[in-house]
Amino acid sequence: MEPESLGRQERLTNAVALLAAACDEAGVLAILRDHARAIAGSDGITIVRRDGDAVEYIAEGAISPLWLGQRFPLHMCISGLAILAGAPVLIPDIRNDPRVPLNAYLATFVLSMAMFPIGRTHAMGAYWQHSGPVDPGAVDRMSSLAAAAVRVLDRTAPPIRAAG
C-alpha cells in the first residue's frame with residue numbers, strides 16, 4: 001500500500017471510531033466534514049440531506065464554496081440520484097455525463113466527482129478539480145465511511161418529509 005493510501009486508511013479507521021461514538025446528526029456531520037476530504041483525497045466534500053422531493057446541502061469542506069444551504073430537486077441532482085439508487089455514482093468528467101446539471105457546476109472547481117448514499121436520508125459527495133477516473137481506493141474508503149455514518153444517522157436523523 002502506498003504511504004499516501006496508508007494515511008488515508010488510518011484516517012478512515014479514526015473517523016469510523018469517532019462515528020461509532022457519535023450520538024446525533026450534528027456529530028456525524030462534523031466528523032464527515034472534518035475527515036472525508038482527506039479520506040477521499042479530494043478537493044472538496046459535501047453532505048446532503050433528503051427533504052421530501054428535494055435535497056439540501058447541509059455541510060461541506062472544500063477549496064472553495066460549493067452549495068452549502070442550497071436545495072435542489074431530488075431527481076435532478078447527483079446526490080438525489082445516489083440516494084434513490086442506493087449506490088455510489090461515479091462521474092469521471094462532469095462535462096460528459098448527461099445526469100450532471102452543468103449550470104450548478106459552472107462556478108465551481110469541480111470536474112469529476114463521486115457521490116455516496118448514506119442510507120435513504122443522506123449522501124456524501126467527493127469532488128476533484130481534475131477530470132479522470134475516480135480512484136477505486138477512494139471509492140472503497142468513502143463507501144466504508146458512508147456505511148459507518150448510516151448506522152448513526154438511521155437512528156438519529158429527522159424523518160423524510162412526505163413529498164408534495
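Quick look at the values:
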| quantity | calculated |
| --- | --- |
| Per-pair calculated FRET efficiency, R0 = 30 Å: Asp53 and Ser143 via Cβ, rounded to 0.05 | 0.70 |
| Per-peptide average of other Cβ atoms within 10 Å, ordering 55-61, 41-47, 138-144, 90-96 highest first | 41-47, 55-61, 138-144, 90-96 |
| Dipole moment magnitude, nearest 20 debye, the chain about Cα centre, only Lys, Arg, Asp, Glu C-beta charged | 340 debye |
| More than 21 Å apart - percent of Cα-Cα pairs taken over segment 40-117 | 17 percent |
| Amide N of segment 83-106 lying under 11 Å from the label point, which is placed 7 angstrom from the Cα of Ser131 along Cα→Cβ | 92-97 |
| Peptides ranked, highest mean first, by Cβ atoms within 10 Å: ranges 9-15, 125-131 | 125-131, 9-15 |
| Stretch gain in nm, segment Ala26-Arg99, where the contour uses 0.36 nm per residue and the Cα spacing is subtracted | 23.3 nm |
| Segment 1-74 shape via C-alpha gyration tensor axes, a/c threshold 1.5 | oblate |
| Given (i) 11.0; (ii) 14.7; (iii) 8.8, the label whose value is mean projected area of the Cα convex hull in nm² derived from this model | (iii) |
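No value in this document is a laboratory result; all are computed from the given coordinates. These numbers come from a predicted model, not from an experiment. Glycine also receives a Cβ, built like all others from the backbone with ideal geometry; neighbour counts cover every protein chain displayed.
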